[in-house]
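Remarks on the structure that follows.
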Amino acid sequence: MVDIIGEIISYEKQAEEIIQNAEKERERILEEVEKTKEEIRLKYLSERDDMVKHYHDDLKATGTQHIHDTNDERDERIRHIDAFFGEKEEKLSEDIFLAVIGDR
């Protein structure tokens, strides 16, 4: 009977040891999960920041190009208008003068 009680105590100690080891393993796994989760979060934030910066740079480049294109178009129109008025300056001045003095 003493042997049976000793065996039971031995099994109980082994069971407690198994439980303690399992709890330690559980804690280790949970810590590892938290560490991995934080690494994933930081990687996501870094990639998101890179994507936002890339998108911002693309928008800035597109906006800058649009400004240059608009300025070029404006300058071309000004040259066209200057050429038009240069060719017809005398006639336009005369028409305006006559319109003002009421001769027409």
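The values are calculated or read from the model by the stated rules, or taken from the named source; none is laboratory data. Bear in mind that the values here come from a model prediction, so they are computed numbers and not experimental data. Every residue, glycine among them, receives a Cβ derived from its backbone with ideal geometry; neighbour counts consider all protein chains shown. Just the protein is used for accessible areas: all its heavy atoms, side chains included, with ligands, DNA and RNA removed. Shrake-Rupley method; radii C 1.70, N 1.55, O 1.52, S 1.80 Å.
In the chain, the portion of solvent-accessible area held by carbon and sulfur atoms comes to 59 percent [1.4 Å probe, whole percent, DNA, RNA and ligands not counted].
Residue-wise HN-Hα couplings along the range 10-23, as the Karplus relation 6.51 cos²θ - 1.76 cosθ + 1.60 with θ = phi - 60° gives them from phi, are 4, 4, 5, 5, 5, 5, 5, 4, 4, 5, 4, 4, 5, 5 Hz; Gly and Pro carry x. Mind checking which lysines have their C-alpha under 19 Å from K13, skipping anything on the same chain fewer than 8 residues away? Leaving aside lysines fewer than 8 places away in the same chain, those within reach of K13 are K24.
Dividing the summed -39500 (n - 2.57) terms of all DSSP H runs of n ≥ 4 by the residue count of the chain sets its mean residue ellipticity at 222 nm at -37000 deg cm²/dmol.
In terms of the Cα gyration tensor, with a ≥ b ≥ c the square roots of its eigenvalues, is the range 32-72 rounded because a/c is under 1.5, prolate because a/b exceeds b/c, or oblate? Prolate is the answer for the range 32-72, as a/c is 1.5 or above and a/b outweighs b/c. A prolate overall shape is assigned to the range 9-57, the ratio a/c of its alpha-carbon gyration tensor axes (a ≥ b ≥ c) being 1.5 or greater and a/b exceeding b/c. The smallest convex shape that holds all Cα atoms of the chain, its convex hull, gives 124 Å³ per residue.
Taking other residues whose beta carbon is less than 13 angstrom from the beta carbon of I40, and scoring Lys, Arg as +1 and Asp, Glu as -1, yields 0. Per residue, the accessible area of the chain comes to 96 Å², computed with a 1.4 Å probe over protein heavy atoms only.
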